[in-house]
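Q: One structure is given below, represented as structure tokens, and several questions about it will come after.
Read-outs: derived from the displayed coordinates by stated rules, not from any lab. Please read these numbers as outputs of a predicted model, since none were measured by experiment. Cβ placement follows ideal geometry from the backbone for every residue including glycine, while neighbour counts extend to all protein chains displayed.
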Amino acid sequence: MEIVYGVIRMSEKILFDLLAPSSRRFLTPVLSRQTGAESCPETLDELAAKTADCVCCALRNSASQVVFGQGNPHAALMFVGEGPGAEEDKQGQPFVGAAGQLLDKILTAIDLSREEVYIANIVKCRPPENRTPSVKEAGTCLPYLTQQIALIQPKIIVCLGSVAAQTLIDSKQKISQMRGTWHEKNGIRYIATFHPAALLRDPSRKRPVWEDMKKVRDAYQEILGRRV
Ligand code: URA
């Protein structure tokens with residue numbers, strides 16, 4: 001039994017280290033609630049099944065289903081958005097609505113496809129009326145994303161919008177300050193850019209997003225060992 005608790009404590013420490021310092025305070029209560037030998041799934045399918053059963057916050061009450069994530073389970077490049085919208089809630093996949101169609105175009109522009117990368121969200125259940133998830137909701141859901149990251153082991157994470165950037169990089173900075181610069185943590189390179197939905201609302205953000213995505217493309221090509 002002691003060994004089991006030792007392994008759980010070690011896994012918690014790994015998850016804890018992956019988080020932005022400001023988000024860490026949310027990890028402890030959630031992980032202790034989930035404590036048990038089954039709390040650290042070994043595959044994405046196991047984790048998806050566990051996530052589907054989650055009742056850790058009220059978002060699950062109004063959502064039709066949990067939107068876990070989609071893509072290459074061994075992706076070196078991961079995109080993290082805010083949370084499912086109406087279409088994602090209906091289809092059970094991330095970024096399949098209008099913002100998702102724009103994300104697909106952005107991926108194509110840097111020679112990528114959905115199948116090559118992994119796409120997930122900070123919260124896995126649609127917030128009612130598409131409102132922004134609260135800091136508490138983001139923190140409650142975060143252990144699922146952290147476990148996804150631990151299983152996928154991406155080298156680069158692109159934070160789409162302020163919720164992802166403030167949860168994963170720095171809660172105190174605005175997206176406009178954070179975007180376009182690299183932040184390294186635990187061997188993963190993080191970069192933030194504007195959310196595709198923000199781009200739909202304000203086309204003047206196209207240029208900065210394109211600048212950010214060129215950085216992502218070059219860093220990713222470098223990881224793949226291709227010339228840039
Ligand atoms: N916006 C997000 O942040 N995520 C989605 O999955 C869809 C829209």
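Q: Starting from residues that are crowded, with 21+ Cβ neighbours inside 10 Å and under 19 Å from A48 (Cα atoms), keep the ones in the range 90-108 and report whichever is farthest from the ligand (Cβ to nearest atom).
A: Among them, the one singled out is V96.
Q: Of all residues being in a strand (DSSP E or B) and away from the ligand (no atom under 15 Å from the Cβ) in the range 148-187, which is surrounded by the most Cβ atoms within 10 Å (Cβ to Cβ)? Just the residue, please.
A: I156
Q: OK, next. Of the residues in the range 103-129, how many are over 18 Å from V216 (Cα atoms) and touching a helix residue (DSSP H, G or I) at 6+ places or on another chain (Cβ under 7 Å)?
A: So the answer is 7.
Q: Within the range 109-126, restricting attention to residues that are within 10 Å of the ligand (Cβ to nearest atom) and part of a loop (DSSP other than H, G, I, E, B), which residue is farthest from K215 (Cα to Cα)?
A: The extreme case among them is R126.
Q: What is the one condition in (1) over 13 Å from the mean Cα position of the chain (by Cα); (2) surrounded by 16 or more Cβ atoms within 10 Å (Cβ to Cβ); (3) farther than 17 Å from G71 by Cβ that Y190 does not satisfy?
A: (1)
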